[in-house]
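Each value in this text was obtained by applying a stated rule to the coordinates, not by laboratory testing. The structure presented is a predicted model; accordingly, all values stated were derived computationally and were not measured. So basically every Cβ, Gly included, is an ideal-geometry build from the backbone, and we count neighbours across all protein chains shown.
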Amino acid sequence: MTILVTGGAGFIGSHFVRRMINQDTRVVVLDKLTYAGNLENLRDITGDSRRSKQFTFYKGDICNQELVEYILSTEGIDAIINFAAETHVDRSILSASAFIDTDMKGVLVLLEASRRYAIKKFIQISTDEVYGTAYHSAFKETDALNPGNPYSASKAGGDRLAYSYWITYKLPIIITRASNNYGPYQYPEKFIPLFITNAIEDRKLPLYGDGRQIRDWIHVEDHCAGIDFLLTHGKDGEVYNIGGGNERCNIDTASLILDELKKPGTLIEHVKDREGHDRRYALDCTKLKALGYRPKIEFETGLRDTIQWYRDNENWWKRIKNSEFMGYYHKQYNHRFISPCLQNQ
Ligand code: NAD
Ligand code: DAU
């Protein structure tokens, strides 16, 4: 089997590539290498003569129809797993157009090419954010979508476009909606790696608002195992929630990180909240459990291991934090911090 993994140099995509290569699948990656894409995430594969034989990399945009069609016509692709996306909510609030391009138009290009080249399985990696805030119970796959920020709105567009290709053309698509991922190789703009790396550097942790927002955390390896499971057991035209079953308040997660690193609670600074901040995400995963999949990694254990990974891999994240990231960080956070002394932090 040969699969095309778009966005395979990003956080979740690179874990999925590793998992599939280790199962002797041939993997072709198409990745634009935006600020979030990093070939270092795949170094263990590209640097291994045996495993690299199963791996082909194309640097390019999923919006590039010619390139996508070239890959499908020459590489003998059986299935496409579309991870490629602009993924950070805060960046989408600063500027939304790249999100519309990749998360909607890019999905259209992939779907059209899949139709033309009769791809046997197309998995669209969507997100739990498409449901919006879970005020009461956890969301089921049949619940209405109510995205509340430009990122989640564009992901909802890609999600429904994929579904429309099943209804209209019977393209064999599956849509997954996962909860918040954490684990190694996550770009340090996201909450958990930002807070771990800031704490290691004795920088302030910018906690939005009252910090009582709830996220359901799933380890990235559990998420990838769920997608792999659906490649063989998922039913075409269906949506599957993939949640971790670990609902935690942000302030509690921040405290766990500080405790593990033996850093003081005073590093936490409550800052101006995210605009339109979704208060709680929660997924009902009965449908996936009934098929036979459930996540294995307990949150506190997974978080401890993740903290250790960031401690052991300072070169990886320091290189990122010393480049494009700092410009973004100042734009996003300088006006949020209250204490003037924090302007440089
Ligand atoms: P990420 O930002 O770490 O990686 C995204 C990757 O996509 C990068 O390698 C980037 O270079 C690539 N990319 C971006 N635009 C592209 C384009 N136009 N063409 C080709 N490649 C492009 O993201 P992630 O956290 O690994 O998320 C992967 C997918 O999972 C996304 O679709 C995201 O919406 C979804 N998701 C993420 C989470 C989470 O908690 N991180 C949860 C649920 C769903
Ligand atoms: O739920 C799935 C989604 O999870 C994915 O679709 C997105 O791609 C992914 O980025 C993530 O979105 P969130 O907005 O939930 O993740 P983020 O890491 O940005 O924030 C997690 C929580 O932490 C959220 O309540 C906002 C809060 N936060 C975040 C940052 C970056 C802070 O309090 N301070 C921060 O500096």
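Quick rundown of the values:
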{"read-out": "Ellipsoid equivalent to the stretch 80-132 - semi-axes via the Cα gyration tensor, in Å", "value": "24, 13, 7"}
{"read-out": "Cleavage-rule hits (trypsin sites (Lys or Arg not before Pro)) in the stretch 172-261: DSSP loop, at most 13 neighbouring Cβ within 10 angstrom", "value": "Arg212, Lys235"}
{"read-out": "Value of D in µm² per second that Stokes-Einstein yields for the stretch 20-160, Kirkwood Rh from Cα pairs, at 10 °C (1.306 mPa s)", "value": "96"}
{"read-out": "For the chain, diffusion coefficient by Stokes-Einstein and Kirkwood Rh (Cα), 25 °C, 0.890 mPa s, µm²/s", "value": "120"}
{"read-out": "Full-extension gain in nm, Ser137 to Asp210, via 0.36 nm per residue minus C-alpha separation", "value": "24.1 nm"}
{"read-out": "Over the stretch 118-210: Kirkwood hydrodynamic radius from C-alpha pairwise inverse distances, Å", "value": "15.7"}
{"read-out": "Computed log₁₀ I(q)/I(0) - Debye formula, equal Cα scatterers, no solvent, the stretch 1-58, q 0.20, 0.24, 0.25 Å⁻¹", "value": "-0.61, -0.88, -0.96"}
{"read-out": "Quotient of C-alpha Rg and 2.2 N^0.38 Å, computed over the stretch 206-283", "value": "1.42"}
{"read-out": "Mean ellipticity per residue at 222 nm, deg cm²/dmol - from DSSP H runs of n ≥ 4 across the chain, formula -39500 (n - 2.57)", "value": "-12000 deg cm²/dmol"}
